[in-house]
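Student: Pasting in a structure now, in structure tokens, and then I'll have a few things to ask.
The values are calculated or read from the model by the stated rules, or taken from the named source; none is laboratory data. On a predicted model such as this, the values are computed, not experimentally measured, just so you know. Cβ placement follows ideal geometry from the backbone for every residue including glycine, while neighbour counts extend to all protein chains displayed. Surface areas here come from the heavy atoms of the whole protein model, side chains and all, with no ligands, DNA or RNA. Shrake-Rupley method; radii C 1.70, N 1.55, O 1.52, S 1.80 Å.
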Amino acid sequence: MAKIELPREVEFGGLSVDRVIESRRSERDFKDMPLSLLELSRLLHYAYGITEKREQLRAAPSAGALYPIEIYPVANNVQGLARGIYRYFVADHSLALVREGDFRHQMMRHALGEEMMGRASVVLVLSAIFERSAWRYRERAYRYILLEAGHISQNIYLVATALGLGTCAVGAFDDQGYNKIIRVDGKMESVIYLMPVGKI
Ligand SMILES: Cc1cc2nc3c(=O)[nH]c(=O)nc-3n(C[C@H](O)[C@H](O)[C@H](O)COP(=O)(O)O)c2cc1C
């Protein structure tokens, strides 16, 4: 699988946390402008990237540090990336192309016709690999996984805000439709949350 390395100089000395929290809003009206690869790199690193190398701890907390969530960026308009579905590899901060193509129409259709899914420069599709948590936490794993998606989503909101970008949490979508788009089975792994991101 050909890896696409993401820029590693992600630090940008953004706004203070109080300013970011005060100005965070759900934004749905994105401009038809590309995101740079560096912006995508920052979004992914501060969403779920490794922030403590020795123990491989990440930007978002995770029950037992088991990290059941995966992020699939669907690039609608990202400089240097062909349109298509990518998978984020946290360990080496890289992407791999899962499927090339224009998925704007499908993403809108499976999210109740929401235009923001097509207008976003990138849609960060969050999925869960349930067994990663379930072997330890059994039926409680489902709760933890959903809570963890919330932590990652909030990170995406905050880093997007600090970068002057917009995003909106989306829970209203057809699960099977999105599972088919990113090619997961909906049992072992299922899409649970969507974060479209774009310029505002
Ligand atoms: C779990 C969850 C699911 C959401 N799903 C949607 C959605 O499907 N569509 C949408 O437009 N906004 C969605 N939102 C965004 C909320 O509408 C938004 O957070 C709320 O209106 C408050 O506005 P604010 O985020 O700007 O403070 C969702 C938010 C959360 C936390």
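Student: Starting from the Kirkwood radius over alpha-carbon pairs of the stretch 3-199, derive D by Stokes-Einstein at 4 °C in a medium of 1.567 mPa s and give it in µm² s⁻¹.
Tutor: On the way: Rh = 16.7 Å.
The estimated diffusion coefficient comes to 77 µm²/s.
Student: Hey, can you find the accessible area per residue of the stretch 98-200 for me, probe 1.4 Å, expressed in square angstrom? Mind dumping the intermediate values first?
Tutor: Details: 4790 Å² over 103 residues.
Result: 47 Å² of accessible area for each residue.
Student: Here is a follow-up. Hey, could you get me the Stokes-Einstein D for the stretch 136-196, Kirkwood radius over alpha-carbon pairs, 25 °C and 0.890 mPa s, rounded to whole µm² s⁻¹? Working shown, then result.
Tutor: Details: Rh = 13.0 Å.
D = 189 µm²/s.
Student: Using a 1.4 Å probe on the protein chains only, how many percent of the accessible area of the stretch 3-199 belongs to carbon and sulfur? Walk me through the intermediate numbers first.
Tutor: Details: 4720 of 9650 Å².
Carbon plus sulfur share of accessible area: 49 percent.
Student: Can you find, among Ser23, Gly166, Val125, the residue farthest towards the positive end of the dipole of the stretch 3-199? Put +1 on the C-beta of Lys and Arg, -1 on that of Asp and Glu.
Tutor: So the residue furthest toward the plus end is Val125.
Student: Say the cut-off is 29 Å between C-alpha atoms; which of Lys53/Lys180; Lys31/Lys187; Lys31/Lys53; Lys3/Lys180; Lys31/Lys180 go over it? Each step should come with its number before you reach the end.
Tutor: Details: Lys53/Lys180 34 Å; Lys31/Lys187 35 Å; Lys31/Lys53 36 Å; Lys3/Lys180 22 Å; Lys31/Lys180 27 Å.
Too far apart for the 29 Å limit: Lys53/Lys180; Lys31/Lys187; Lys31/Lys53.
Student: Can you tell me the length gained on complete extension of the stretch Leu57 to Gln79, counting 0.36 nm per residue apart and subtracting the Cα distance? Mind showing how you got there, number by number?
Tutor: On the way: separation 22, 0.36 × 22 = 7.92 nm, distance 2.90 nm.
Result: 5.0 nm gained on full extension.
Student: Which residues' amide hydrogens lie under 5 Å from the amide hydrogen of Arg58, considering only partners 5 or more residues apart or on another chain, with H built in the peptide plane?
Tutor: Amide H to amide H, under 5 Å and 5 or more residues apart or across chains, Arg58 pairs with Thr51.
Student: List the residues whose amide H sits under 5 Å from the amide H of Leu124, counting only those 5 or more places along or on another chain, with H placed 1.01 Å from N in the peptide plane.
Tutor: Amide H neighbours of Leu124, under 5 Å, 5+ apart: Val74, Met195, Val197.
Student: Helix-derived [θ] at 222 nm for the chain: sum -39500 (n - 2.57) over DSSP H runs of at least 4, divide by residue count, nearest 500? Don't skip to the answer; put the middle values down first.
Tutor: On the way: 7 runs with 66 residues, N = 200.
So the calculated ellipticity at 222 nm is -9500 deg cm²/dmol.
Student: Each residue of the stretch 25-31 in turn: what ³J(HN,Hα) in whole Hz from Karplus with 6.51, -1.76, 1.60 and θ = phi - 60°, glycine and Pro shown as x?
Tutor: Per residue, the Karplus-derived 3J(HN,Hα) values read 9, 6, 10, 10, 9, 8, 7 Hz.
Student: Oh, and also: For the stretch 19-80, run through the trypsin sites (Lys or Arg not before Pro) and keep only the ones in DSSP coil with at most 13 other Cβ atoms within 10 Å of their Cβ.
Tutor: Working: sites: Arg19, Arg24, Arg25, Arg28, Lys31, Arg42, Lys53, Arg54, Arg58; in loops: Arg24, Arg25, Arg28, Lys31, Lys53, Arg54.
Here the trypsin sites (Lys or Arg not before Pro) that fit, given the DSSP loop and packing criteria, are Arg25, Lys31, Lys53, Arg54.
Student: For Asp102 and Phe12, compute 0.36 nm times the residue count separating them, minus their Cα-Cα distance, and round to one decimal in nm.
Tutor: Numbers: separation 90, 0.36 × 90 = 32.40 nm, distance 3.07 nm.
Computed gain between Asp102 and Phe12 is 29.3 nm.
Student: Place a +1 charge on the Cβ of each Lys and Arg in the chain and a -1 charge on the Cβ of each Asp and Glu, then give the dipole magnitude about the Cα centre in debye, rounded to the nearest 20.
Tutor: Details: 26 positive and 24 negative charges, 44 e Å.
Once rounded to the nearest 20, the dipole reads 220 debye.
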